[in-house]
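The values are calculated or read from the model by the stated rules, or taken from the named source; none is laboratory data. Note that the structure is predicted; figures quoted are calculated from it, not measured. Note: ideal-geometry Cβ built from the backbone for every residue, glycine included; neighbour counts use all protein chains shown. Surface accessibility is based on the protein's heavy atoms, side chains included, excluding ligands, DNA and RNA. Shrake-Rupley method; radii C 1.70, N 1.55, O 1.52, S 1.80 Å.
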Amino acid sequence: MVEDGGGEEEAEGESAEMPAAAAAPPLPRCNGFLPGKEAEEGGRAAPAGGGERAAEAEAMLAAGGGRPETRLSRRRLAVLAVFSCYSLVNAFQWIQYSILSNVFAGFYGVSFTQVDWLSMVYMVAYVPLILPATWLLDARGLRLTALLGSGLNALGAWLKCGSLAPGRYALTLAAQTVCAVAQVFILGLPSRIASVWFGPTEVSTACAVAVLGNQLGTAIGFLLPPVLVPNTPDDIDLMAHNISIMFYGTAIVSTLLFFLTGVVFEEKPKYPPSHSQAVLQTMPPEDYSYKQSIINLFKNIPFVLLLISYGIMTGAFYSVSTLLNQMIVTHYEGEEVNAGRIGLTLVVAGMVGSIICGLWLDYTKTYKQTTLIVYILSFIGLLVFTFTLDLGYLVVVFVTGGVLGFFMTGYLPLGFEFAVEITYPESEGTSSGLLNASAQIFGIIFTLVQGKLTTDYGPRAGNLFLCAWIFVGIILTALIKSDLRRHNVNSGIMNLEVKAVPVDSPVEPESTTLKIQSNL
């Protein structure tokens, strides 16, 4: 592939123009058909929904003599970097209260449950707003959605600066709610940015890097607040001063990132980065129906299974992250700083896992196998963490927390990319948004139940509750049928042969149907 030529952009490599489908040698069939296409007698396919639109777009490209030239834009790296940074700040604001739950409970004079709601509000806000947010992404585009996410993130950060006094819990909750709304316009973008801006050999890695920004924000949120805001219950003024440093610093950084978003983000590159994007861009806009897209997704059984299993795994991660401080200080009193460091270890290990999984997917395209293996190892990791938490050795908790984070957090980009593959050509933002909505719903339920079990019976009971659900997720993941639709289009495995045959002609009735090249 090459970068956009001319002006600001220079060639980076070899042309990615692909040969016409007719010139390609027969390839083995790989996992099925375009969406809505099912095998019929004689190799025919019946059009339906999104698959029909993709087939028509393929036909237009084929009629033009083959695949178009695809190029990579140098701007893609800046877009990815800016998005990762403001996603980082949003995640930092999510966890900054929970990791200091005892500090903020004392500062505002509220219960631990009320402090937990400062984290859970992110989950609560996401569920009712995700459908409007994904509609906005599809109808108004990537740039406006990015500006809303980064702008609301900055607004919420500045509102927090007004809550720097005991008794202002309501204001800090309102400010956190604004940040939670910003999250709705952030979490669904990694797979969209990766698909729109990056080529087929780097799309999974790009998605992993975009998700990594959010994970890094969580990691910094575990590490920095306990250092900036030590627990000083006898000096509330000093505590307020320390909190103000954290709040004002976050507000300044988030405002700078908002302006950078306005400068860097564009709707899409001049040339499509992959053949699958070229097909989507060829579709007439009037053919797209957001309502029909949602219906198509819920009729897609593999996606529904992934929707539930992704929600279980990610919801469990949210719950563990929210309650980590309480679990650690239950067995290791006065170790708030180390609780933050354990959280940092968990997330940093997960970041490494995310990148390794993204690179592995770009190299092998083994989406289901990788997802299932990581799910099983996450289950084993949580069991080990659960039964070693109370041994009295913090170093053991650091190690088991790191192993748990490597697999549990490393799973996040796997779910995004697997969903895009099995739902192509439906919108990446819509599938990602539904996955995140599922994660928020499970996260709320898991946090409330695990929190109650931890308070009443101890951390082990709460963690075993999560283990049982993750085991259910393993079963659901094993049932998912791997139908790599986007990969098949990019690989030229699915092509159209289009001939000008009159509608009423009895000759060659299958000439305009979808052809699957096969050696079988």
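Report yes if Ala170 is among the small types (Gly, Ala, Ser) and over 25 Å from the mean Cα position of the chain (by Cα), otherwise no.
Answer is yes for this residue.
I need a count of the residues in segment 437-463 that are part of a helix (DSSP H, G or I) and open to solvent by less than 70 Å² (accessible area, probe 1.4 Å).
Qualifying residue count for the region: 18.
Please give the number of the condition Leu100 fails out of (1) touching a Pro at 6+ places or on another chain (Cβ under 6 Å); (2) closer than 29 Å to Thr370 by Cβ; (3) not hydroxyl-bearing (Ser, Thr, Tyr).
(2)
Return a yes/no flag: does segment 119-128 have any residue that is at pLDDT 90 or above and of a type in the set (Phe, Trp, Tyr).
Scanning segment 119-128, I find no residue that is at pLDDT 90 or above and of a type in the set (Phe, Trp, Tyr), so the answer is no.
Do we have any residue at all in segment 74-84 that's modelled with pLDDT under 90 and in contact with a strand residue (DSSP E or B) (Cβ under 7 Å, 6 or more places away or on another chain)?
yes
Considering only residues that are open to solvent by 10 Å² or more (accessible area, probe 1.4 Å), more than 20 Å from Leu383 (Cα to Cα), in contact (Cβ under 8 Å) with a residue 24 or more places away in the chain and more than 20 Å from the chain's Cα centre (by Cα), which ones fall in segment 308-349?
Within segment 308-349, Glu335, Glu336, Val337, Asn338, Arg341 qualify.
Which condition number does Leu305 fail, the rest of (1) closer than 30 Å to Thr454 by Cβ; (2) surrounded by fewer than 21 Cβ atoms within 10 Å (Cβ to Cβ); (3) at pLDDT below 80 being met?
In the conditions (1) closer than 30 Å to Thr454 by Cβ; (2) surrounded by fewer than 21 Cβ atoms within 10 Å (Cβ to Cβ); (3) at pLDDT below 80, Leu305 misses (3) alone.
Can you find a residue in segment 229-242 that is touching a residue at least 12 places away in the same chain (Cβ under 8 Å), open to solvent by 10 Å² or more (accessible area, probe 1.4 Å) and more than 23 Å from Thr322 (Cα to Cα)?
yes
Which ones in segment 172-206 are of a type outside the set (A, V, I, L, M, F, W, C) and part of a loop (DSSP other than H, G, I, E, B)?
If the condition is that a residue be of a type outside the set (A, V, I, L, M, F, W, C) and part of a loop (DSSP other than H, G, I, E, B), then Gly188, Gly199, Pro200, Thr201, Glu202 are the ones that fit.
Scan segment 244-251 and tell me whether some residue there is in contact with a Pro (Cβ under 9 Å, 6 or more places away or on another chain) and modelled with pLDDT of 90 or more.
Yes - at least one qualifying residue is present in segment 244-251.
Check segment 351-373 and report whether any residue there is part of a loop (DSSP other than H, G, I, E, B), open to solvent by less than 30 Å² (accessible area, probe 1.4 Å) and either under 24 Å from Val211 (Cα atoms) or not assigned by the TED database to the domain that holds Ala194 (or both).
no
Can you find, within segment 374-429, the residue that is surrounded by the fewest Cβ atoms within 10 Å (Cβ to Cβ) among those that are out of contact with any Ser or Thr (no Cβ under 7 Å at 6 or more places or on another chain) and charged (D, E, K, R)?
Among those residues, the one meeting the criterion is Asp390.
Of all residues in segment 403-430 being within 12 Å of Leu297 (Cα to Cα), hydrophobic (A, V, I, L, M, F, W, C) and within 15 Å of the chain's Cα centre (by Cα), which is modelled with the highest pLDDT?
Selected residue: Ala419.
So Ala208 clears everything in (1) hydrophobic (A, V, I, L, M, F, W, C); (2) buried (at least 24 other Cβ atoms within 10 Å of the Cβ); (3) at pLDDT 85 or above except one condition, right? Which one?
Ala208 satisfies every listed condition except (3).
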